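Taking it in order: structure first as structure tokens, then the write-up.
Bear in mind that the values in this text are calculations on the coordinates, not laboratory data. Keep in mind the model is a prediction, meaning the values are calculated, not measured. No Cβ is skipped: glycine too gets one built from the backbone with ideal geometry, and neighbour counts run over all protein chains shown.
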Amino acid sequence: MNDVNQTAAFAKPSEIVAHSLSVDPEYGLDDSEIIARRNRHGPNQLRAHAKQSVFVILAHQFKGVIVWLLAFAAGLSFYFHDVAEGVAIVIVLVINAAIGFVTELRAARSMEALLNIATVTTRVRRGGKTVRIDAQDLVPGDIVLLDAGDVVTADVRLVHASNLQCDESVLTGESVPVAKQTDPVSPDAAIGDRACMVFKGTAVTQGVGEGIVTATGMETELGHISHLVQTAESSASPLEKRLDRLGHRLVWLTLGLAALVIGAGILRGHEIAAMIQTGIALAVAAVPEGLPVVATLSLARGMWRMAARNAIISNLSSVETLGATTVILTDKTGTLTENRMAVVQYLVADTAIDLHKQGETVQFESDGNVLDPGQDARLGALLRIGALCNGASLGKAGETPSGDPMELALLRVARQARQGRRTLVPGCEKVGEYAFDQATKMMASVHRDGEEFLYAIKGAPEAVIEVCSCVLGPDGIEDLDAAARADWLDRVRIAATDGLRLLAMAMKRADRADAFPYEDLTLVGIVCLRDPLRGDVTEAIAAARAAGVRVVMMTGDHADTAAAIASQAGLGTDGHHLTVIEGKELTDLDPGEVDGLLRDRILAADVFARVAPATKLNLAALYQNSGHIVAMTGDGVNDAPALKKADIGIAMGQRGTEVAREAAHMVLTDDSFGTIIAAMRQGRVIFDNIRKFVIYLMSCNVSEVLIVGLAVGAGLPIPLLPLQILFLNLVTDVFPAFALGFGAGDETVMHQPPRDPAESVIDRSRWITIAVLGGAITLATLAAFWLALHWLMLDVGPSVTVAFVTLALAQLWNAFNVRAPGGHIFVNEVTRNPWIWGAITLCLGLIAAALWVPSLSDILKLPDPGLAGLWLALGASFVPLAIGQAFVRFGPEHRNKSSAQT
Ligand code: ATP
């Protein structure tokens with residue numbers, strides 16, 4: 001095989017290109033050849049986003065303030081010849097770095113793996129068969145089949161192009177789609193002028209095509225400029241940034257406090273070296289350096305959970321935004337309904353024909369008479385138009401059908417009526433096609449029929465009836481006057497009110513193939529299809545309502561069909577009084593200029609029917625301007641701008657085009673509305689979890705600073721030694737915090753209104769919670785310390801052990817204090833979290849080891865306080881739990897939550 005010179009492929013006829021790439025476009029490549037080429041050219045990828053290397057992550061652990069503080073403390077110990085303590089601090093430092101390293105590595109790898117889930121596929125012809133493959137597996141010489149809505153995944157020399165247009169703005173910056181054809185162009189044509197090529201990264205906006213892959217991966221035009229494209233790195237989410245900022249502010253506060261404690265201690269006559277070490281230990285305790293990384297890890301974990309529930313998100317910020325979403329603008333077909341269509345009735349002039357399915361065949365019945373499609377001209381014509389004007393394919397036996405489910409339903413009924421495409425259209429060679437256009441809402445195909453040409457048209461009833469001048473009546477073609485037209489539209493409305501999806505069928509004959517298809521047509525009838533509501537939709541919509549999220553339908557379908565489906569689904573404020581606005585009222589909508597009344601009407605509407613994609617974009621903008629956080633579904637090429645504009649653009653994994661999937665923030669692999677609500681719940685749970693561990697960690701840390709600070713200030717002996725603080729803070733605190741980050745959420749999370757996106761992670765009432773919880777732990781520990789000294793009459797050493805055990809246990813129990821207000825005291829999201837029990841068991845083991853493993857208790861300076869001391873510590877440790885529980889039950893957060901729920 002000679003590699004084709006990529007710059008020349010567009011200047012050569014396609015046969016030469018095929019020859020030089022040793023491929024027959026009608027057959028494609030063979031397996032052995034594919035493997036050989038894949039080995040030679042590698043995967044069809046742009047240079048992978050630089051994977052974060054293990055060393056970079058490791059080095060990162062040594063950049064934080066904590067490490068330097070610890071290193072300084074260790075140095076100090078060695079300087080004062082306290083080798084054991086110096087070594088212990090170094091060990092703590094290593095453990096701290098190891099935990100940070102593992103966490104960060106897991107978060108990074110999780111994110112990278114998530115990016116890989118959302119792979120793009122491509123249709124190719126290989127070994128004579130059409131198959132869909134992962135776009136990464138394309139090799140030069142592959143034959144690619146392109147369709148409107150596809151993202152082009154390699155550079156391709158076209159062999160066939162029908163009405164093909166591509167959006168090449170990624171490469172050329174030109175946003176108007178470019179028409180494609182197959183003839184070679186001049187060797188010095190610029191990229192934008194190479195009309196016989198389509199390029200990786202561009203999108204097919206219209207038509208179909210076929211071509212030979214000439215370049216893959218970094219060899220493509222996009223590869224050449226990929227350093228420009230790769231700037232779309234995933235950046236830190238707003239939440240991570242906010243936590244980072246919070247952390248930084250606290251660093252200074254903490255260092256100030258530590259300096260204060262050191263100063264006070266020295267003034268009180270404590271040893272300078274001991275005080276410096278205590279100060280450093282406190283600073284280490286209170287610096288919440290791990291916050292952003294724990295946040296990343298819980299976000300990434302949440303994303304995995306969502307992926308398992310069919311919602312793929314490749315961006316951390318979207319997880320956050322999901323939780324704050326206030327309105328979902330959803331389409332109807334396939335999202336609320338199953339997109340499993342079946343023809344149930346035909347309307348022809350002055351009668352209706354019902355369809356009864358009998359096993360694999362169907363029976364047509366009108367006014368009690370069984371009709372034979374071979375005999376009844378109108379029924380025959382309806383079946384015939386449905387099969388002719390159709391882009392779908394049922395395939396041969398055993399093959400999976402492909403194409404629009406509505407068109408497949410038309411083919412299926414034709415086949416069941418034993419009027420398959422071939423019997424219906426003998427020799428009716430297709431000579432032209434006008435693809436379905438959302439603006440005209442019609443589609444046409446042109447067929448040679450003897451000396452004449454037959455035009456078969458189908459489309460939205462209002463659109464088709466408008467351009468019909470005749471109708472096929474029982475006795476042949478009749479004129480269609482204004483009264484008859486109005487009558488037809490009434491019949492359409494009545495059928496739509498039943499939730500049926502309607503298509504008008506029309507035809508005409510002409511003596512040439514290039515006549516304008518949409519004029520002087522003869523209306524044959526209306527096809528009524530039923531598309532059942534998805535099973536879980538009503539429940540999901542009720543769940544959205546309970547969560548304070550509005551659901552609004554935006555559809556291209558008829559207003560009455562849309563309203564009927566919407567009311568079945570339970571949309572609207574009370575499920576019945578639906579407000580419907582038709583798209584034609586909104587064609588000139590300017591989201592910036594809408595006056596108050598119209599704006600209020602739009603914002604109150606439950607259904608937008610017959611809307612064009614441009615209107616969807618404007619509506620999304622209008623909602624956003626009115627302070628909403630908008631989630632929006634879409635599947636077509638034209639939906640891409642609206643999907644990008646929405647705060648959460650949601651594309652359908654099965655039904656959607658690649659272009660829509662690329663533009664979206666979330667892809668639903670099951671296309672189901674219920675999945676959006678499940679993902680939204682996850683978004684809220686993740687935010688709540690992050691809040692929980694921030695409150696948990698900060699209340700624990702505050703208590704450590706206060707215990708030492710207050711004891712020093714009050715002239716007591718120091719109740720916690722530096723190594724003990726480090727042990728508690730860097731070993732035992734961490735596990736419950738992680739466990740809280742992994743919780744599955746509380747039952748009330750979807751009974752709250754959406755979070756205000758501007759609301760900070762730690763608002764005023766949560767600062768109060770931190771202060772109360774931290775204060776309670778401080779109080780209990782200092783009280784236990786004082787009682788050990790003055791009531792049990794223990795020495796300072798064993799009393800310190802009592803303080804240590806009190807604090808350690810109180811911190812473990814503190815995890816139960818961060819439960820959501822309003823939940824049950826014993827059965828709630830924290831007690832149901834298995835990770836919490838695991839973390840507590842592990843930490844109890846660690847505390848026991850600190851007390852009873854001799855070498856460890858020596859290093860940590862934890863002499864045995866005796867049984868009475870341990871009982872005192874155990875008892876005291878439950879006091880903060882009791883105070884915390886009372887606070888959750890009656891505190892300000894509880895009041896906020898109950899008022900939000902009512
Ligand atoms: P949704 O926006 O909820 O997916 P939809 O699929 O009905 O709804 P469109 O695809 O814009 O929205 O279709 C609008 C109308 O055009 C349909 O109600 C139908 O009458 C008609 N229509 C849809 N697809 C075709 C087609 N392939 N050929 C002819 N007419 C079609």
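Among the listed pairs 180/458; 616/645; 63/692; 357/441; 584/616; 332/616, those with a Cα-Cα distance over 19 Å are 180/458; 63/692; 357/441. To the nearest 0.05, how large is the calculated FRET efficiency for residue 105 and residue 758 if R₀ is 45 Å and r is the Cβ-Cβ distance? That gives a FRET efficiency of 0.85. Please label the shape of the range 344-530 as rounded, prolate or oblate, based on the square roots a ≥ b ≥ c of the eigenvalues of the alpha-carbon gyration tensor (a/c under 1.5 means rounded; beyond that, a/b larger than b/c means prolate, else oblate). Rounded shape, in that the Cα axes give a/c under 1.5. Among 363-371, 698-706, 451-459, 824-832, sorting by the average number of other beta carbon atoms lying within 10 angstrom of each residue, highest first, gives 698-706, 451-459, 824-832, 363-371. Placing dummy labels 7 Å off each Cα toward the beta-carbon, the span from residue 751 to residue 308 is 2.6 nm. Counting only DSSP beta bridges with both residues in the chain, the antiparallel share comes to about 80 percent. Label zone of residue 886 (point 7 Å out along Cα→Cβ, amide N under 19 Å): in the range 762-784 this covers 768-784.
Dipole orientation for the chain: of the candidates 345, 370, 428, 345 has the Cα lying most toward the positive pole (charges on Cβ; Lys, Arg +1; Asp, Glu -1). Descending by average beta-carbon neighbour count within 10 Å, the peptides 342-355, 833-846, 675-688 line up as 675-688, 342-355, 833-846, the highest first.
Ordering 74-80, 631-637 by mean Cβ neighbour count within 10 Å, with the highest value first, yields 631-637, 74-80. With the cut-off at under 20 Å, measuring from each backbone N in the range 622-642 to a point 7 Å along the Cα-to-Cβ line of residue 603 picks out 622-632.
Kindly identify the range 690-837 as rounded, prolate or oblate by the Cα gyration tensor criterion: order the square roots of the eigenvalues as a ≥ b ≥ c, call it rounded if a/c is under 1.5, otherwise compare a/b with b/c, prolate if a/b is larger, else oblate.
Details: a/c = 2.46, a/b = 2.04, b/c = 1.21.
Prolate.
Between residue 587 and residue 858, the distance separating the two model label sites (each 7 Å from Cα on the Cα→Cβ line) works out to 9.0 nm.
Take each uninterrupted DSSP H stretch in the chain, measure its Cα extent along the helix axis, and return the ones at 24 Å or beyond whose mean Kyte-Doolittle hydropathy is at least -0.5.
83-117, 238-267, 291-308, 673-713, 764-790, 796-814, 834-852, 866-890
Taking each residue as 0.36 nm, the span from residue 793 to residue 91 lengthens on full extension beyond its C-alpha to C-alpha distance by 249.3 nm. Listed by chain and number, the lysines placed with their C-alpha closer than 24 angstrom to that of residue 129 are 200, 396, 430; residues fewer than eight positions away on the same chain are left out. The stretch between residue 513 and residue 268 holds 77.9 nm of extra length on full extension. This uses 0.36 nm per residue minus the Cα-Cα distance.
The simple Förster model, with R0 at 22 Å and r as the Cβ-Cβ distance, assigns residue 8 and residue 160 a FRET efficiency of 0.60. Between the range 765-788 and the range 138-174, the C-alpha centres lie 66 angstrom from each other. Over the C-alpha trace of the range 315-360, radius of gyration and Dmax come out as 20.4, 58 angstrom.
Computed over every Cα-Cα pair of the chain and binned at 10 Å starting from 0, the pair-distance distribution P(r) comes out as 2, 11, 17, 18, 16, 13, 10, 7, 4, 2, 1, 0 percent.
For residue 62 and residue 842, what does the FRET efficiency come to when R0 = 35 Å and r is the distance between their Cβ atoms, rounded to the nearest 0.05? FRET efficiency, residue 62 to residue 842: 0.85.
Helix-only estimate, please: 222 nm mean residue ellipticity of the chain, summing -39500 (n - 2.57) across DSSP H runs of length 4 or more and dividing by its residues, to the nearest 500.
So the helix-based figure for the chain works out to -15000 deg cm²/dmol.
Charge dipole of the chain (Cα centre as origin; +1 on each Lys and Arg Cβ, -1 on each Asp and Glu Cβ, all else neutral): 2920 debye, rounded to the nearest 20. The modelled label-to-label distance for the pair residue 32/residue 765, using points 7 Å beyond Cα in the direction of Cβ, is 7.3 nm.
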